[in-house]
1. When only DSSP loop residues count, what trypsin sites (Lys or Arg not before Pro) in region 125-169 have their Cβ near at most 14 other Cβ atoms within 10 Å?
2. Could you let me know the centre-to-centre spacing of region 1-79 and region 183-216, using Cα atoms, in angstrom?
3. Count the net charge of all other residues whose Cβ sits under 14 Å from the Cβ of PHE150, scoring Lys and Arg as +1 and Asp and Glu as -1.
4. Provide the packing ranking of 9-17, 154-162, i.e. peptides ordered by the mean count of other C-beta atoms within 10 Å per residue, highest first.
5. Going down the table (LYS105/LYS217; LYS16/LYS88; LYS18/LYS148), which pairs top 28 Å between alpha carbons?
6. Out of VAL77, ALA24, GLY36, whose Cα points farthest toward the positive end of the dipole of region 24-102 (charges: +1 Lys, Arg; -1 Asp, Glu; placed on Cβ)?
7. On a 30 Å Cα-Cα criterion, which of the cross-link pairs LYS111/LYS268; LYS28/LYS111; LYS90/LYS139; LYS26/LYS111; LYS167/LYS263 come out too long?
8. Work out how much length ASP160 to PHE219 would gain on full extension: take 0.36 nm times their residue separation and subtract the Cα-Cα distance, in nm to one decimal.
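Values quoted throughout were computed directly from the atomic coordinates according to the rules given, and no laboratory measurement underlies them. For clarity, every value in this text was computed on a predicted model and none was experimentally measured. We place every Cβ from the backbone using ideal geometry, glycine too, and count neighbours over all the protein chains shown.
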Amino acid sequence: MPCTVIVGAFWGDEGKGKIISYLALKDKLDFCVRTGSVNAAHTVWKDGQKYALHMVPAAFLYEKTRLLIAAGANVQVPRLLEEVELTKVKGRMGVDMNASIIEEKHAVQDKASVVNKGIGTTGWGVGPALEERVRRTAKLARDIPELKPFLTDSVQEINDGLDAGKKVLLEGTQGFMLSLYFGTYPYVTGRDTGASAIASEAGVGPTRVDDVIIVYKSFITRVGAGPMPGEISKEEIGKLRNLTMNKLHSRIKDKQFLIDVRKNEYIKNRDTHTDY
């Protein structure tokens, strides 16, 4: 703190939502800024209720946190409005006026694409929406009447907050192995998912970032197509069921891969409080 970036280590599903919600309550965040797009959800639990959040920042648990959608993010409007109602955060939710919009046609194009079927996308329409933004034909949040109550200059808000010493968390989505530039291409997403890209989407200069936290979990999972080094087949899992934990540990494949991934991600993201 005061400016922290959260990055997923693998192909998503590392538990970023849980870490962010914990930090929101522990550090009493002033701002939480969601980057990226809908994709897979960030899961948060509150009073026994599960929240699978595709748009609303996971820090909503702390009632004083200002919640923002970054200028570089893509907004699926119906989903955002649904989550705002579900989490009851209308009074503290803001959407940058320059965030781009995912339309229904983008989801149709995404699901119909032969290329995307091979890659295994989530089908939300993220890729086609990003294509339109690159062509400078995408609609922006400022063009959507339903978003008018939420429109803001998030870049100004965030940087004014940092100038005042406020605590800001930049919420990365997906995982670093899905980065368009550094991931398992072509089985990747349509954007970079590293720490520098997250800061860029939020409009935060690199010298303003104090901490980078990369979220790992003890085993790797992947949704969709693409390589996953060390993957154990269903047949092998069946054979391993009756082994003791010690024997099972000795059978884990490609332990060196995990070490190599860790070093690679440190080089490209430079998470703080770590050295090699």
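1. Details: sites: ARG133, ARG135, ARG136, LYS139, ARG142, LYS166, LYS167; in loops: ARG135, ARG136, LYS139, LYS166, LYS167.
The qualifying sites are ARG135, ARG136.
2. So the two Cα centres are separated by 15 Å.
3. -1
4. On the way: 9-17: 21.9, 154-162: 18.9.
Packing proxy ranking, top to bottom: 9-17, 154-162.
5. Numbers: LYS105/LYS217 35 Å; LYS16/LYS88 21 Å; LYS18/LYS148 30 Å.
In this structure, LYS105/LYS217; LYS18/LYS148 lie more than 28 Å apart at Cα.
6. ALA24
7. On the way: LYS111/LYS268 32 Å; LYS28/LYS111 40 Å; LYS90/LYS139 22 Å; LYS26/LYS111 40 Å; LYS167/LYS263 28 Å.
Checking Cα-Cα distances, LYS111/LYS268; LYS28/LYS111; LYS26/LYS111 exceed 30 Å.
8. Working: separation 59, 0.36 × 59 = 21.24 nm, distance 3.93 nm.
Here the segment from ASP160 to PHE219 would lengthen by 17.3 nm.
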